[in-house]
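Below is one structure, written out as structure tokens; comments come after it.
The values are calculated or read from the model by the stated rules, or taken from the named source; none is laboratory data. The structure presented is a predicted model; accordingly, all values stated were derived computationally and were not measured. So basically every Cβ, Gly included, is an ideal-geometry build from the backbone, and we count neighbours across all protein chains shown. The accessibility values were calculated without ligands, DNA or RNA, using every heavy atom of the protein model including side chains. Shrake-Rupley method; radii C 1.70, N 1.55, O 1.52, S 1.80 Å.
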Amino acid sequence: QVQLVESGGGLVQAGDSLRLSCTARERTFRNYLMGWFRQAPGKEREYVARISREGRMTYYADFVGRRFTISRDNAKNTMYLQMNNLKPEDTAIYYCAVSDHFSDDAALYSSWGPGTQVTVSS
């Protein structure tokens with residue numbers, strides 16, 4: 001297992017921005033594919049974005065549009081999710097995760113952080 005911790009969540013208004021961070025305590029951090037997921041109350045966990053090992057390939061869920069940007073800094077063992085123009089429907093607990101597969105399927109991610117709460121008011 002890989003130890004992961006998210007940070008950067010909070011309470012914001014619609015249209016505001018947040019940057020989430022995910023820090024791993026893992027010597028071989030750069031070997032892992034990583035992704036962001038979210039889960040709203042009463043809903044299934046939902047894929048948000050994923051990034052390749054060196055950060056050269058990124059993919060996003062359809063709902064993201066051009067609002068979110070996933071990135072990583074392997075020298076800092078950290079992955080980021082920059083979220084702009086937040087909407088109330090973005091309210092959820094956001095999780096980072098690692099995988100050996102470049103996939104949007106949560107079942108293929110082996111380690112998860114505890115999550116960070118994002119709340120967007122109207």
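Overview of results
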quantity	calculated
Paramagnetic label zone (point 7 Å from Cα along Cα-to-C-beta, SER122; backbone N under 20 Å) in region 5-26	11-17
Test item: Cα-centred dipole of the chain, Lys/Arg +1 and Asp/Glu -1 on Cβ, debye	360
Solution diffusion estimate, µm²/s, Stokes-Einstein, region 28-120, Kirkwood Rh from C-alpha pairs, 25 °C, viscosity 0.890 mPa s	184
Label point at ASN85 placed 7 Å out along Cα→Cβ; residues across region 53-70 whose backbone nitrogen lies under 11 Å	64-68
Label point distance in nm, ARG27-MET57, each placed 7 Å from Cα along Cα→Cβ	2.8
Options THR119, SER17, ILE93, ranked by Cα towards positive dipole end of the chain, top entry (Cβ charges)	SER17
Mean separation of Cα contacts under 8 Å (6+ apart) over length of the chain, as relative contact order %	37
Phi-based couplings in Hz for region 20-31 (Karplus 6.51, -1.76, 1.60; Gly and Pro marked x)	8, 10, 9, 10, 10, 9, 7, 5, 10, 3, 5, 7
Amide H contacts of ARG72 (H built 1.01 Å from N, under 5 Å, at least 5 apart or other chain)	TYR80
Accessible surface of the chain, 1.4 Å probe, proportion on carbon and sulfur as whole %	44
The chain, accessible area per residue, ligands and nucleic acids excluded (1.4 Å, Å²)	54
